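For reference, the structure discussed in these notes is given below.
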Amino acid sequence: MRRTMVTLALAAAVAAVPAVAAQAEGQVKGVDASRYDATFDWGTPGVEFGFAKASEGERGTDPAFARHWREMRGNGLVRGAYHYGHPGTDPVREADHFLTVVRQQGLVQGDLLALDLEVADGRSVEQVNAWARRWLERVEQQTGVKPFFYSSWSFAGQYGEGLGEYPLWVAHYGKSKGEVEPPRPWREWVVHQYASTDHDWNVSRVSPQELRALGVKAPAPVSP
């Protein structure tokens, strides 16, 4: 039931916004941050959503995550947590580590979850693809939330076969904000990372309310 609800929410969010909406004035802007942006001011005018790095690999934890997570909520932003994945290790252990880190800081309704996949660790396309699918499935099984899949436009197109059901957060700095076409197999992107200057800047093609609809529906359950 949760899977159906999340899928419908994504479909509704995408369908509700015309293809040109993200190019208009007043588009929904966001930032993603890690320890390299440890003091970022989440009260910055115009910022309506954010993603913060929570973890990496099987054991890594971003030291700035707790502050980012707290400050995003304190400023009323839609907030998301992401995990930097390494296909050379076990996807289930990485997914479980990510969820442990995020749950320690608290999950509330509307929080988003994401996999950041940028490296192959010497694995084949098929192996990386299978790794990503297993990680995404594990997080969905544990939370009832379809995680976002984040990657560069080219990496997503190469390694994302069969992952089009997951909301796409795509990085493409060669395109103006909101003017990127989704790589296959995705039919649409939800968030476009368009610049990495002082910070990583993003734009959402859906409203903050529609973003929240893609997140936690209730306090996330803990499964064995």
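The values are calculated or read from the model by the stated rules, or taken from the named source; none is laboratory data. Owing to the predicted nature of the structure, the values given are computational and were not obtained by experimental measurement. Positions of Cβ are generated from backbone atoms using ideal geometry, with glycine treated the same way; all protein chains shown enter the neighbour counts. All accessible areas refer to the heavy atoms of the entire protein, side chains included, with ligands and DNA or RNA removed. Shrake-Rupley method; radii C 1.70, N 1.55, O 1.52, S 1.80 Å.
How large is the translational diffusion coefficient of the chain in µm² per second when you combine the Kirkwood radius over alpha carbon pairs with Stokes-Einstein at 37 °C and 0.692 mPa s? Before the final figure, lay out the partial values.
Numbers: Rh = 17.2 Å.
Once the numbers are plugged in, D ends up at 191 µm²/s.
With point charges of +1 on the Cβ of Lys and Arg and -1 on the Cβ of Asp and Glu, referenced to the Cα centre of the chain, which listed residue (Gln158, Ala213, Thr197) lies farthest in the positive direction of the dipole?
Positive-most Cα among the choices belongs to Ala213.
How many percent of the accessible area of the chain is carbon or sulfur, using a 1.4 Å probe? Could the numbers behind the result be given before it?
Working: 5000 of 10000 Å².
In the chain, the share of accessible area belonging to carbon and sulfur is 50 percent.
For every helix of n ≥ 4 consecutive DSSP H residues, a contribution of -39,500 (n - 2.57) applies; sum these over the chain, divide by its total residues, and give [θ] at 222 nm rounded to the nearest 500 deg cm²/dmol. Write out the running numbers ahead of the final one.
Numbers: 6 runs with 70 residues, N = 224.
After summing the helix terms and dividing by the residues of the chain, the value is -9500 deg cm²/dmol.
To the nearest 20 debye, what is the magnitude of the charge dipole of the chain about its Cα centre, counting +1 on the Cβ of each Lys and Arg and -1 on the Cβ of each Asp and Glu? List each step's numbers first, then the result.
Working: 24 positive and 27 negative charges, 118 e Å.
The dipole of the chain has a size of about 560 debye.
To the nearest 20 debye, what charge dipole does the range 82-177 have about its Cα centre, counting +1 at the Cβ of each Lys and Arg and -1 at the Cβ of each Asp and Glu? Let's see the in-between values first.
Working: 9 positive and 12 negative charges, 41 e Å.
Roughly 200 debye, rounded to the nearest 20.
Counting Lys and Arg as +1 and Asp and Glu as -1, what is the net charge of the other residues whose Cβ lies under 9 Å from the Cβ of Ala64?
Every neighbour counted, the sum reads +1.
Can you check what the net charge comes to around Val102, using other residues whose Cβ is under 12 Å from the Cβ of Val102 (Lys, Arg +1; Asp, Glu -1)? Kindly include the intermediate steps, with their values, before the conclusion.
Values: positive: Lys53, Arg79, Arg103; negative: Asp62, Asp96, Asp111.
Around Val102, the charge tally is 0.
Using alpha carbon centroids, what distance separates the range 158-203 and the range 92-116, in Å?
If you average the Cα positions of each part, the centres end up 21 Å apart.
Accessible area per residue of the chain at 1.4 Å probe, in Å²? Don't skip to the answer; put the middle values down first.
Values: 10000 Å² over 224 residues.
For the chain, the solvent-accessible area averages 45 Å² per residue.
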